[in-house]
Amino acid sequence: MSISLSRIPEFDGAADILSDDALAFVEKLHQKFAGTRNELLAARDVRRKQFSDAKAIDFDPATEEVRNGDWKVAEAPAALQDRRVEITGPATPAKMAINALNSGAKVWLADLEDASTPSWNNVIDAVKNLSDAARGKLAFTDEKTGKSYALRTDAPLAAVVVRPRGWHLPENNVLIDGKPGVGALVDFGLHFFHNAKVLAESGQGPFYYLPKMEHYLEVRLWNEVFTFAQAELGIEYGTVRATMLIETIPAAFQMDEFLYELRDHVSGLNAGRWDYLFSIIKTFREAGDAFIMPDRADVSMTAPMMRAYTELLVKTCHKRGAFAMGGMAAFIPNRREPEVTAAAFEKVRADKTREANDGFDGSWVAHPDLVGTCMEVFDSVLGSKPNQLDKQRPEVEVTAEQLLDIASAPGSVTEAGVRLNLYVAVAYTAVWLSGNGAVAIHNLMEDAATAEISRSQIWQQIRNKVVAADTGNTITAELVATILAEEVEKLRGEVNDAERFAKYYEPAAKLIGTLVSGRDEDFADFLTTGAYELLEKEYVTKP
């Protein structure tokens, strides 16, 4: 097996990240684990079709002993005992990384996945920034304004938890025997190689967030990766700790199994929204009317099926001694709209209060200005305790039918919702193609999950000939094409830059137009896979 690179990004420090020793480590990871990863991805397709044909998922009888067994996960290290507020965001550019570390949050989810465009420059710059941060020397000076950014020394920095790409994404700039590498193994391998010893010595990691998994065997693979990596670099077994995102519908039926497979290296599970809803649509996309989702804005975390999901997560985590992490507050405060901002803060407060009272140990925010609100809510519930692992939920009983009770979700499908979904999907994808995966749209910080739920909803609505509640129109491919053209023109006026619009927005609109067609052959498992191919073909973005 041999490893090669398409190029080394042309900025200071990139060559150090892509050193011969680091690449040799990445090559070993591929040699041992890439084949299993490929088999597991193929198995996803088989299971999805089975679920769709059955119009159901159930708890696996083959793993009943795990669910009923008396076992606990390893105790969390000191740096992860208190996670009441976690801020999320990309690790590039350096300014955003510094702002997250300085935010006052307990944890920073340093995102190399949904909130980051995986251009080669971004991938390597992110690892470089994380390496500098691990050594306390991350700094940045804005060439345009002259403003300097540095790590604070007057208060603790956020603990860093790195989210590598999901198992499905390739890395075209790393070739293993002439074939694209596995994005997850590249991200993990480079970060772990350069930082594991430094972080272990300081008690600050290495810590990871693991996204988009669908089966406990995919978790087992990560556990094998961690075990091998620690042994290879002389790191004590169990030093790595990972939090897993339960953001696919198959994973909701395997929470115990996920924790069990990673029990020596796990610290918790996280409950999200958009990716979870996207996964339901994706899994049951041919299953008919029973799985048609209302407008995404109507499906809040208080919908019965979402309550079932989050309550099961808290119960499962605390039963096993793992942390339950809440969802995202994506709102971005806007000083020009004080009334809108005040109303949004109240919604954030209500959402975080629900999570804290349900037993979650912490929650996510997307903007530093929300850290204080989230902290205040969890402080009021936790008091002097670092977490609420002691809050067991024995009264919670969740059935398979409750997890799949789409009909109980409030709201309806509207043409206004179609319009919003198209606008957001195109606007997000365009900015993603320009090199930025964390995008502010309508006072919300959006990532790839928003575009995924937006485009999948429209595909589902066309496929099922859904009638819009607000206009009475049947949602057809022709109607969607008309609305898409109108929203693209709206974006053209807002962007007001013909060159930028042609370079990014027109390709984004074409991609979204294909993905929402309602045809089986056009439903891509992940929008970012096609967008990544377009990115690699057309653009070279700077860090």
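The values are calculated or read from the model by the stated rules, or taken from the named source; none is laboratory data. Treat the numbers as computed from the prediction; the structure is a model and nothing was measured. Counting neighbours? That spans all protein chains shown, and the Cβs are built from the backbone with ideal geometry, glycine included. Heads up: the accessible areas ignore ligands, DNA and RNA and are worked out on the full protein's heavy atoms, side chains in. Shrake-Rupley method; radii C 1.70, N 1.55, O 1.52, S 1.80 Å.
List pairs: first in segment 16-27 and closer than 16 Å to Gln230 by Cα, second modelled with pLDDT under 95 and crowded, with 20+ Cβ neighbours inside 10 Å, Cβ under 8 Å, 6+ apart or cross-chain? From segment 16-27, no pairs qualify. Considering every residue within segment 77-87, establish whether at least one is more than 22 Å from Trp222 (Cα to Cα) and among the small types (Gly, Ala, Ser). Looking for residues that are more than 22 Å from Trp222 (Cα to Cα) and among the small types (Gly, Ala, Ser), one finds at least one in segment 77-87, hence yes. In this structure, Gly372 qualifies as open to solvent by 10 Å² or more (accessible area, probe 1.4 Å), of a type in the set (Gly, Ala, Ser) and at pLDDT 95 or above. Under the condition of being closer than 22 Å to Glu10 by Cβ and modelled with pLDDT under 95, the residues counted in segment 98-157 number 5. Answer with yes or no whether Phe33 is of a type outside the set (S, T, N, Q) and open to solvent by 30 Å² or more (accessible area, probe 1.4 Å). Spelling it out, it is not the case that Phe33 is of a type outside the set (S, T, N, Q) and open to solvent by 30 Å² or more (accessible area, probe 1.4 Å).
Any idea which residue in segment 234-265 is nearest to the chain's Cα centre (by Cα), counting only those that are over 18 Å from Leu312 (Cα atoms) and in a strand (DSSP E or B)? That would be Ala242.
Filtering Val377, Val365 for residues that are under 29 Å from Asp295 (Cβ atoms), open to solvent by less than 70 Å² (accessible area, probe 1.4 Å) and touching a Lys or Arg at 6+ places or on another chain (Cβ under 7 Å) leaves a single hit, Val377.
Pairs linking a residue in segment 485-504 that is closer than 16 Å to Tyr428 by Cα to a residue that is open to solvent by 50 Å² or more (accessible area, probe 1.4 Å), with Cβ atoms under 6 Å and 6 or more positions apart or on different chains, are Phe501/Arg492.
Among the candidates Ala324, Ala407, Ala366, Ala329, the residue that is out of contact with any His (no Cβ under 7 Å at 6 or more places or on another chain), free of Cβ contacts under 8 Å to residues at least 60 places away in the same chain and hydrophobic (A, V, I, L, M, F, W, C) is uniquely Ala329.
When segment 152-167 is filtered for residues that are touching a residue at least 12 places away in the same chain (Cβ under 8 Å) and either in contact with a helix residue (DSSP H, G or I) (Cβ under 6 Å, 6 or more places away or on another chain) or among the charged types (D, E, K, R) (or both), the ones remaining, listed by number, are Arg152, Leu157, Ala158, Ala159, Val162, Arg163, Pro164, Arg165, Trp167. The condition (being in contact (Cβ under 8 Å) with a residue 24 or more places away in the chain and under 30 Å from Pro93 (Cα atoms)) is satisfied by just one residue among Asn443, Asn464, Asn387: Asn443.
Answer yes or no: is there a residue in segment 461-477 that is more than 18 Å from Met293 (Cβ to Cβ), in a helix (DSSP H, G or I) and assigned by the TED database to the domain that holds Arg419. Yes, there is a match, as at least one residue in segment 461-477 is more than 18 Å from Met293 (Cβ to Cβ), in a helix (DSSP H, G or I) and assigned by the TED database to the domain that holds Arg419.
Could you go through segment 405-424 and let me know if any residue there is surrounded by 24 or more Cβ atoms within 10 Å (Cβ to Cβ) and hydroxyl-bearing (Ser, Thr, Tyr). The answer is no, given that none of the residues of segment 405-424 is surrounded by 24 or more Cβ atoms within 10 Å (Cβ to Cβ) and hydroxyl-bearing (Ser, Thr, Tyr). For segment 469-478, how many residues are touching a residue at least 12 places away in the same chain (Cβ under 8 Å) and either within 19 Å of Ile512 (Cα to Cα) or of a type in the set (Val, Ile, Thr) (or both)? Summing the residues that are touching a residue at least 12 places away in the same chain (Cβ under 8 Å) and either within 19 Å of Ile512 (Cα to Cα) or of a type in the set (Val, Ile, Thr) (or both) in segment 469-478 gives 4.
Yes/no matrix, rows are residues, columns are (1) at pLDDT 95 or above; (2) among the basic types (Lys, Arg); (3) open to solvent by less than 30 Å² (accessible area, probe 1.4 Å); (4) closer than 26 Å to Met96 by Cα:
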position: Ile441; (1), (2), (3), (4): no, no, yes, yes
position: Gln457; (1), (2), (3), (4): yes, no, yes, no
position: Asn473; (1), (2), (3), (4): yes, no, no, no
position: Ile483; (1), (2), (3), (4): yes, no, yes, no
position: Lys490; (1), (2), (3), (4): yes, yes, no, no
position: Thr514; (1), (2), (3), (4): yes, no, no, no
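Scanning segment 116-131 for residues that are within 26 Å of Pro156 (Cα to Cα) and either among the polar types (S, T, N, Q) or free of Cβ contacts under 8 Å to residues at least 24 places away in the same chain (or both) gives Ser116, Asn129, Ser131.
Looking only at segment 302-356, residues that are open to solvent by 30 Å² or more (accessible area, probe 1.4 Å) and among the β-branched types (Val, Ile, Thr) come to 3 in all. One residue alone among Met301, Met328, Met306, Met375 is within 25 Å of the chain's Cα centre (by Cα), over 25 Å from Pro250 (Cα atoms) and assigned by the TED database to the domain that holds Phe51, and that residue is Met375.
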